[in-house]
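The values are calculated or read from the model by the stated rules, or taken from the named source; none is laboratory data. Just so it is clear, the model here is predicted, and its values are computed rather than measured. Neighbour counts are summed over all protein chains in view; Cβ atoms, including those assigned to glycine, are modelled from backbone coordinates with ideal geometry.
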Amino acid sequence: MNRVLSRVQNLDVYPKVNEDFYSRTLSGGIITLASSIAMILLLFSELCLYLLTLTQTKLLVDTSRGETLKINFDITFPAISCTLLSLDAIDISGDQHLDIKHTVMKNRIDAKGNLIQMTTDHIGTTTIGNPIHKHAAQNQTYCGSCYGAEFSSAECCNSCNEVREAYRRRGWGLTDPDLIDQCKREGFVQRIKDEEGEGCTMFGSLEVKKVAGNFRFVKSFHLENLHLPHDVKDFKEDSYNITHKINKLSFGDDYPGIINPLDGVHWFQKIPNGMYQYFIKVVPTVYTPLRGAVIRTNQFSVTEYYKDPDNSKQAPPGVFFYYDLSAIEVNFTETHTSFLHFLTNICAIVGGIFTVAGILDSFIYHGHMALRKKREIGK
């Protein structure tokens, strides 16, 4: 047994030196101090990297089907009143939504951008008084006329908004609001006059099919053929100024590190009318955090183009957003460096610095001793 232990002892590559034979030098102390500082800094750096969350990126083919696309927007039009501003959405599947109101808010603002009023609808309030009724009996519930736009005799239009909506479904334009009892009672024309010189901030969200399409901020469909008094200046065709500022535009929920390229973009128009177009490429994105639910969203790139009034006579003036979907999906996954990898790097740092410092100290010590011997023999 002693023979076996003796052979194992002979394998020791770290022979021990008796303390009586140690020789400490100034250069060795300096190297030890410098290597210790370097070791501490590198260990701290490695610890920070271990605690840091890393994001891995992977590109895949988007195979999702039947999903919807959520569009979040917040856009300010300082030269268009809320009355004259409408949000429409159309996609290549044929779905068409005009004058969208649900999940959309409008803020009336003055020329300086100060808030005047917040509303969920661009025109109209509660009906003033009772609308005209189609039924002969006075004790029956009042039912306002839709002026030929109703689809059944039981349909009622008890407010100016409801009449305009019935006209929209028919594809008609409201020509003279003074001939509509509901609009006359609610002061429709007067509201348009009251909003002259104002601006509008429209914000909210849209839920559309996940196919190519566009949404646009244009003159309300209901008002295209409207005949108003000549003193309503803001309604004239040559006064529709599409100056705008995009406070926020995104396709889906935000995730850490997302960059929406149109946030904060401000475009100023010197002359009225024209079309400002944004061509957007939407890229499906999946973000998987270390903790929490997976975020399925989108990022996008964009190019811009402006058509002046002379080149856009066939289209209504406004701001148009044309979007298309990429076939490639981007996957972001949060990860941490493994603990075993962290330990490996720690051992490499400690062993590497200890070895390099030992080689450097040995080189300096033996070099100094060689020079000293030469001086002693007079060479």
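Could you check the stretch 269-307 and list, in sequence order, the residues that are farther than 30 Å from residue 338 by Cα, in a strand (DSSP E or B) and among the charged types (D, E, K, R)?
281, 304, 307
Across the stretch 62-98, what is the number of residues that are at pLDDT below 90, surrounded by fewer than 19 Cβ atoms within 10 Å (Cβ to Cβ) and not aliphatic (A, V, I, L, M)?
Total satisfying the criteria: 10.
Looking at residue 30, is it assigned by TED's automatic domain parsing to the domain that holds residue 346, modelled with pLDDT under 85 and out of contact with any His (no Cβ under 6 Å at 6 or more places or on another chain)?
yes
Would it be correct to say that residue 274 is at pLDDT below 90, surrounded by 15 or more Cβ atoms within 10 Å (Cβ to Cβ) and either touching a Ser or Thr at 6+ places or on another chain (Cβ under 8 Å) or assigned by TED's automatic domain parsing to the domain that holds residue 65 (or both)?
Numbers: at pLDDT below 90: yes; surrounded by 15 or more Cβ atoms within 10 Å (Cβ to Cβ): yes; either touching a Ser or Thr at 6+ places or on another chain (Cβ under 8 Å) or assigned by TED's automatic domain parsing to the domain that holds residue 65 (or both): yes.
Yes, satisfied.
Taking the stretch 363-379, which residues are loosely packed, with under 13 Cβ neighbours inside 10 Å and either outside any helix (DSSP H, G or I) or in contact (Cβ under 8 Å) with a residue 40 or more places away in the chain (or both)?
Hits for the stretch 363-379 are 368, 377, 378, 379.
Looking only at residues in the stretch 147-172 that are more than 40 Å from the chain's Cα centre (by Cα) and at positive phi, which one is surrounded by the most Cβ atoms within 10 Å (Cβ to Cβ)?
If we take residues in the stretch 147-172 being more than 40 Å from the chain's Cα centre (by Cα) and at positive phi, then 147 is surrounded by the most Cβ atoms within 10 Å (Cβ to Cβ).
Going through the stretch 308-338 one residue at a time, which ones are in contact (Cβ under 8 Å) with a residue 12 or more places away in the chain, surrounded by fewer than 17 Cβ atoms within 10 Å (Cβ to Cβ) and either among the polar types (S, T, N, Q) or assigned to a helix (DSSP H, G or I) (or both)?
Selection gives 309, 326, 331, 333, 335, 337.
Only strands (runs of 3 or more DSSP E) wholly contained in the stretch 38-94 count here; list those with 1 or more residues that are among the small types (Gly, Ala, Ser). Spell out how you get there, then give the answer.
Details: elements: 54-61, 68-77, 86-91.
Output list reads 86-91.
For the stretch 173-213, which positions are among the polar types (S, T, N, Q), at pLDDT 85 or above and buried (at least 19 other Cβ atoms within 10 Å of the Cβ)? Even if it seems obvious, please write down each step before you answer.
Going residue by residue through the stretch 173-213, those that are among the polar types (S, T, N, Q) are 175, 182, 190, 201, 205.
Still in the running and at pLDDT 85 or above: 201, 205.
Within the stretch 173-213, 201 is the sole residue that qualifies.
Every residue, every condition in (1) in contact with a strand residue (DSSP E or B) (Cβ under 7 Å, 6 or more places away or on another chain); (2) at pLDDT 95 or above; (3) of a type in the set (A, V, I, L, M); (4) in the same structural domain as residue 39 (by TED's automatic domain parsing), yes or no:
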| position | (1), (2), (3), (4) |
| --- | --- |
| 250 | yes, yes, no, no |
| 253 | yes, no, no, no |
| 307 | yes, no, no, no |
| 310 | no, no, no, no |
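Is it the case that residue 360 is surrounded by 13 or more Cβ atoms within 10 Å (Cβ to Cβ) and in the same structural domain as residue 38 (by TED's automatic domain parsing)?
The answer is yes for residue 360.
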